[in-house]
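**Q** Sharing a structure here in structure tokens format.
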Amino acid sequence: PLCREVVHLCMDFPNPTNSDQHSSFPMKRAPLVFPILCSHVLTHVVAAMCAICGEERNRCGSGPSLDQVRDDATLSCIHVIQLGFIARVLQILLAEIFQALPSLTRQETLLIPALNAILLRTNLSEWERGCCKLLQSVLSQHSSQYFSIGDLPDVGNLDTILLNSCQKSKDLVVDYIYNVAIILQVLLPKSTNLFHQLDGSRKQSNDEIINLTRKLGIHDLERLTDSQDIIEIVSYWYTNSRPRDDQSRLEKRLDCTRDYRINDWPSVNFDGVCHPTSISATQVSQKTLPLLRGSFEGLSKSSNSIKSLPISYTDLYASLGTMSPHSEVTAVCLVCGEVLDAGGKGECTKHAHICGGGSGIFFLLQECIGLALNKERAAYIPSPYVDSHGETPQYRGRPLNMDISRYEHLHELWSGHMLREFVIAERVKSPRNRLIAPNFY
């Protein structure tokens with residue numbers, strides 16, 4: 001059935017080896033989806049949930065009652081959510097470890113002795129034990145030889161790095177749980193009524209993550225890692241996400257960057273905690289602010305880009321002036337930091353299709369004004385840079401600095417997917433915005 005094929009693709013399941021099942025997948029598929037550990041886990045999970053709910057709703061007219069269909073679909077979605085939960089936790093763990101230990105990118109099995117030693121401790125929390133067991137189970141599937149602690153390279157306090165990665169995954173996976181719960185309610189209204197019937201859903205704990213997973217019907221990590229079927233799937237995910245050297249030219253062109261994501265768009269954390277609209281005092285004191293998509297490596301591969309936004313307009317003008325000295329209308333993408341020539345060539349419009357799916361927020365340097373784009377239409381936004389009176393004067397003589405509240409408003413427009421509504425409304429209200437020709441910027 002089409003639903004099973006879609007779920008199989010979205011969740012990046014291994015190809016079936018059973019002869020009866022293999023008849024349903026007779027051909028080798030093109031890489032239609034990226035490895036789940038190298039991409040946005042929530043996207044994979046939501047696509048699979050949509051396929052499940054679509055199939056179950058189609059059954060309503062063929063016999064089963066609506067309540068029975070809803071219960072079947074909810075339980076199927078819970079299973080997909082649980083797999084996505086494991087994928088997101090493992091993704092954060094691997095990203096944190098390889099960021100701290102880049103030398104172990106192709107020697108991951110060297111971590112197994114350290115994980116074995118940590119699991120012997122009696123003071124581990126339930127979450128730490130579950131994360132270490134997950135890593136141990138996945139890495140041991142790829143271990144061709146056994147190592148001792150003495151085989152490890154000099155990487156400092158390895159135990160601290162592993163336990164810190166466990167804490168990081170605990171902080172960030174909460175965002176996944178909240179998002180997937182909201183989406184499940186949209187797809188299957190009143191589906192949470194079934195959760196109260198699940199085993200363990202009414203037990204209370206002092207740990208927020210444990211309470212959330214129980215309410216959503218997600219088993220704890222230690223219990224999930226006891227399932228051989230789950231370990232087989234997760235091990236395949238890990239194998240599929242590792243860098244490959246045996247790819248043909250076509251496979252390399254179709255492939256994605258084999259990196260593990262720590263932060264998810266649009267809820268990129270500025271201060272290490274999942275507060276999308278908060279700006280840390282540390283970055284303010286450093287005289288820079290994160291871009292709208294966050295400040296982390298690999299955001300824009302272009303050399304003609306900035307990694308963060310200076311608080312001082314003078315500093316921004318100096319840095320952009322050296323990158324684009326001959327441009328009369330210089331624009332910087334506030335999402336990824338790329339610097340463009342916006343002099344009536346449509347460069348911003350083209351960039352928005354690549355960077356934001358047709359939407360984007362830019363800052364026009366010489367005019368000192370913001371620009372919102374949705375497809376070919378544009379509208380101006382008040383400049384986030386203001387003087388000591390909270391204004392952006394036409395003839396600038398006073399120093400201008402970033403107004404945090406205005407910048408947070410830009411972040412809300414971006415992360416809340418409100419650019420389309422904003423552009424339409426501003427073009428209706430302002431004759432100046434209506435004069436902007438399509439595809440001009």
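The values are calculated or read from the model by the stated rules, or taken from the named source; none is laboratory data. Values in this document were obtained by computation on a predicted structure and should not be read as measured data. Backbone-built Cβ (ideal geometry, glycine too); neighbour counts: all protein chains shown. Accessible surface is based on the protein model in full, side chains and every heavy atom, while ligands, DNA and RNA are left aside. Shrake-Rupley method; radii C 1.70, N 1.55, O 1.52, S 1.80 Å.
**Q** Please identify the pairs in which a residue from the stretch 370-383 that is assigned to a strand (DSSP E or B) has its Cβ atom under 6 Å from the Cβ atom of a residue that is open to solvent by 10 Å² or more (accessible area, probe 1.4 Å) and among the small types (Gly, Ala, Ser), counting only partners at least 6 apart or on another chain.
**A** ASN374/SER359
**Q** Has the stretch 166-179 got any residue that is modelled with pLDDT of 55 or more and surrounded by fewer than 11 Cβ atoms within 10 Å (Cβ to Cβ)?
**A** Within the stretch 166-179, not a single residue is modelled with pLDDT of 55 or more and surrounded by fewer than 11 Cβ atoms within 10 Å (Cβ to Cβ).
**Q** List every residue pair whose Cβ atoms sit under 9 Å apart, with the two residues 6 or more apart in sequence or on different chains, where the first one lies in the stretch 414-441 and is farther than 24 Å from VAL329 by Cα and the second, anywhere, is acidic (Asp, Glu) and part of a helix (DSSP H, G or I).
**A** From the stretch 414-441, the pairs are MET418/GLU412.
**Q** Hey, could you check the stretch 291-322 for residues that are at pLDDT 80 or above and more than 28 Å from SER388 (Cα to Cα) and say which is least open to solvent (accessible area, probe 1.4 Å)?
**A** SER305
**Q** For the stretch 339-369, what are the residues that are part of a strand (DSSP E or B) and among the β-branched types (Val, Ile, Thr)?
**A** Hits for the stretch 339-369 are VAL339, ILE361, ILE369.
**Q** Return yes or no: is SER140 over 23 Å from the mean Cα position of the chain (by Cα), at pLDDT below 85 and more than 21 Å from LEU101 (Cα to Cα)?
**A** no
**Q** Out of the residues in the stretch 104-137 that are modelled with pLDDT of 85 or more, among the hydrophobic types (A, V, I, L, M, F, W, C) and within 28 Å of the chain's Cα centre (by Cα), state the one that is most open to solvent (accessible area, probe 1.4 Å).
**A** TRP127
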